[in-house]
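Notes follow the structure.
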Amino acid sequence: MTGRLEQFIKYQGLSVRSFEISIGASDGMIRRAIKNNTDIQSKWLSVVVENYPNLSIDWLLTGHGSMLKSESLPLMGEREAIVDSENISELPAKRNRIPFYDDVSTIGGLSDRVANTDSAFPSEWIDAGDWFPEATAAIRHYGDSMVEYPSGSILALKRVQDQRLIMNGRNYVIETSEYRVTKQLQDEGDHFMAYSTNRDIYPDGHQIHAPFPVPKDAILHIDLVLGCVIKEYSNGAIQIRK
């Protein structure tokens with residue numbers, strides 16, 4: 001059974017850890033079951049079926065029939081293939097599938113600016129559809145320095161190819177070799193000033209999230225933030241903010 005579960009996880013375009021998070025399982029629980037080829041508890045089967053209703057439980061348990069209950073219902077992210085245990089057939093490419101780097105994040109404050117910047121492979125591909133038709137990628141955002149983006153939300157991004165086209169006062173993800181942050185940018189000639197939208201202050205009047213300069217020659221990438229996606233829990237409603 002765990003071999004078929006691994007097949008389904010790969011079909012979803014997820015890492016095993018991302019799948020564990022989606023069903024609320026502890027780190028390594030599913031990974032160990034797959035590695036050791038041991039069954040998972042029935043309560044977790046119920047959770048999997050609840051979160052992935054198009055998965056055929058009969059196929060998962062016995063290998064009989066198709067992986068999907070209905071080929072007419074798209075799975076999360078509208079995958080490009082319909083899969084059963086015997087056959088794979090390609091569907092036309094979707095209109096706007098963008099890479100989602102679940103292990104890449106952007107953060108805010110001066111004390112926690114270091115972020116992992118070495119991921120080269122997306123965790124999955126998601127369909128931005130009509131929400132963000134110009135998006136080129138999506139990553140996580142953490143921290144409280146940008147009040148419009150709750151910690152843990154997903155940011156939809158559009159890569160800026162020419163720094164001269166940066167719009168003052170707009171929100172951008174800016175990456176150097178040392179950190180990746182989400183800030184409002186102001187062009188100051190040889191550098192950008194990076195501002196937080198959280199204006200909280202210390203008792204002495206100083207800003208908690210004070211602005212800081214980012215030298216232009218230290219910048220690796222800049223992405224315009226188009227909006228964010230918020231999901232409070234695995235089977236809850238999705239909120240879109242632009």
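Quick note: the coordinates plus some simple rules give every number you see, no bench work behind them. Computed from a predicted model, the values in this text were never measured in an experiment. Cβ atoms come from the backbone with ideal geometry, glycine included; neighbour counts cover every protein chain shown.
Taking 0.36 nm per residue of separation and subtracting the current Cα-Cα distance, fully stretching the chain between W125 and F212 would add 28.0 nm.
Centroid-to-centroid, using Cα positions, region 23-48 and region 210-226 are 41 Å apart. Taking amide hydrogens as modeled 1.01 Å from N in the peptide plane, which residues meet the under 5 Å criterion relative to W131, leaving out close sequence neighbours? HN-HN under 5 Å from W131: empty list. Couplings 3J(HN,Hα) for region 34-49, derived from phi with the Karplus relation 6.51 cos²θ - 1.76 cosθ + 1.60 (θ = phi - 60°), are 5, 4, 8, 6, 10, 5, 9, 5, 4, 5, 6, 4, 4, 5, 4, 5 Hz, where x marks Gly and Pro.
Maximal additional length on extending the R31-M193 stretch stands at 54.0 nm, based on 0.36 nm per residue less the C-alpha distance.
Nearest 0.05, what FRET efficiency do R159 and Q7 give at R0 = 35 Å with Cβ-Cβ as r? Here the calculated transfer efficiency is 0.60.
Proximity of backbone amide H atoms, modeled 1.01 Å from N, is registered between G227 and A156 at under 5 Å, excluding neighbours fewer than 5 places apart on the same chain. Using the Karplus relation 6.51 cos²θ - 1.76 cosθ + 1.60 with θ = phi - 60°, the per-residue 3J(HN,Hα) values for region 19-33 come to 5, 4, 4, 5, 9, x, 8, 5, 4, x, 4, 6, 4, 5, 5 Hz, with x marking Gly and Pro. The phi torsions of region 202-208, fed into the Karplus equation with coefficients 6.51, -1.76 and 1.60 and a -60° offset, translate into couplings of 6, x, 7, x, 6, 5, 5 Hz, rounded to whole numbers, with Gly and Pro shown as x.
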